[in-house]
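For reference, the structure discussed in these notes is given below.
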Amino acid sequence: MTNPSLKTRLARHDIVLAPGVYDALSALVAERAGFEALYLSGASIAYTRLGRSDVGLTTYTEVADTLARITERVSLPVIVDADTGFGNALNTQRTVRGFERAGAAMVQIEDQTFPKRCGHLDGKAVVPEREMVGKLKAALDARTSSDTLILARTDAVAVEGLEAALDRAEAYLACGVDALFVEALRSPEQMDAACRRFGDRVPLLANMVEGGKTPIQDADALQKHGFRIAIFPGGTARAVVHTLQGYYASLHQHRTTQPWRSQMLDFEELNEVIGTPDLIRNGQKYE
Ligand SMILES: C[C@](O)(C(=O)O)[C@H](CC(=O)O)C(=O)O
């Protein structure tokens with residue numbers, strides 16, 4: 001089965017729901033659940049690979065490597081979190097080129113200062129609008145195909161207020177970016193204001209962080225506001241940690257996995273998920 005490019009898919013106005021992924025296995029499981037696109041979450045790479053918070057510790061190389069492993073294994077379009085571009089306009093160009101080579105369908109660049117922090121943490125700062133416009137122009141010039149979409153994110157709501165953030169988004173749109181992300185909108189009214197201003201002109205992304213600043217709504221409700229992309233980026237890691245807490249506590253207590261068996265896959269079932277039978281058959285062709 002071939003998937004439409006994200007660009008083609010976004011031309012339809014019904015919302016694209018993209019779960020957070022952070023490695024090839026989570027991407028594979030998400031693909032099998034039936035999603036149309038995936039969101040490679042910088043926060044989730046920090047959580048899972050570093051056991052750390054989303055405060056700008058992850059590097060370009062770590063994200064590019066993770067992306068390449070994901071796109072080797074799944075065919076869904078991947079929206080990739082490039083944080084601040086990992087530096088200035090020239091770093092952003094290297095980031096866009098590298099992520100494009102690694103198979104990104106959309107690259108997200110935000111206007112925070114470096115080191116950035118999760119959009120739902122307090123104490124953020126943003127670079128001047130002019131500097132971000134330069135980065136976005138650099139990103140657009142760096143891509144080799146217009147099918148590699150550039151998503152501009154502003155974190156200015158928390159720093160400069162809603163109106164200033166929407167004005168920034170306007171300036172970013174004027175650069176020719178393909179989609180907008182106004183981070184950490186605080187109420188349904190703010191979500192409506194963003195959608196009223198941009199919803200008819202460009203795909204607008206809604207970011208659902210459980211316990212974060214934006215009220216959580218389901219994808220249908222977000223579509224009614226006027227959003228065209230919904231991401232649930234960190235929910236995956238939070239669900240995995242919850243499962244691991246229960247699993248490890250059970251194994252520690254019972255000294256065997258038996259009481260947990262109904263909540264886990266067995267050897268065969270995991271092999272089926274990761275495609276072991278196909279892989280073995282493929283190998284046999286060359287014996
Ligand atoms: C979208 C985001 O940039 C991410 O890294 O996934 C984060 C989400 C999170 O921290 O859960 C964000 O800054 O909103």
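The table below gives the values:
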item	result
Gain upon complete extension [Q258, I274; 0.36 nm per residue less C-alpha separation]	3.5 nm
The chain: calculated mean residue ellipticity at 222 nm from DSSP helix runs of at least 4, using -39500 (n - 2.57)	-13500 deg cm²/dmol
Segment R101-H13, extension gain: residue separation times 0.36 nm, minus the distance between their alpha carbons	28.9 nm
Eligible lysines near K124 by straight Cα distance, threshold 23 Å, same-chain separation 8 or greater	K116, K135, K213
Cβ-derived FRET efficiency at R0 30 Å, A174 paired with D147, nearest 0.05	0.90
Counted charge near E189, where neighbours are those whose Cβ lies closer than 15 Å (Asp, Glu -1; Lys, Arg +1)	+3
Scattering curve values for the range 1-156, log₁₀ I(q)/I(0), Debye with Cα scatterers, q = 0.17, 0.18, 0.20 Å⁻¹	-0.97, -1.09, -1.31
Extension gain (nm, one decimal) between R69 and R52, 0.36 nm per residue minus Cα-Cα	4.0 nm
Where the Cα pairs of the range 209-287 fall when distances are cut into 10 Å bins, in %	14, 25, 22, 26, 11, 1
Pairwise FRET efficiency - R281 versus D122, Cβ, R0 = 35 Å, nearest 0.05	0.10
Under 19 Å from the Cα of K137 - aspartates and glutamates, other chains or at least 8 residues apart	D81, D83, E100, E110, D111, E129, D147, D155, D167, E170, D178
Two-decimal ratio, the range 1-90, of alpha-carbon radius of gyration to 2.2 N^0.38 Å	1.12
Distance (nanometres) between label positions extended 7 Å along Cα→Cβ at V29 and A221	2.6
Largest to smallest accessible area among I274, I229 [probe 1.4 Å]	I274, I229
More than 34 angstrom apart: percent of Cα pairs within the chain	21
Dipole moment magnitude, nearest 20 debye, the range 6-234 about Cα centre, only Lys, Arg, Asp, Glu C-beta charged	400
DSSP loop trypsin sites (Lys or Arg not before Pro) with at most 11 other Cβ within 10 Å excluded, longest remaining stretch of the chain	13-200
Neighbour net charge for G199 - beta-carbon separation under 12 angstrom, K R +1, D E -1	+3
Computed Kirkwood radius, in angstrom, where 1/r is averaged over Cα pairs of the range 241-284	12.1
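The values are calculated or read from the model by the stated rules, or taken from the named source; none is laboratory data. This is a predicted model, so every value here is computed, not measured. FYI the Cβ positions are ideal-geometry reconstructions off the backbone, even for glycines, and counts take in every protein chain you see. Ligands, DNA and RNA are stripped out before the accessible areas are found, and what is left, the full protein with its side chains, is counted by its heavy atoms. Shrake-Rupley method; radii C 1.70, N 1.55, O 1.52, S 1.80 Å.
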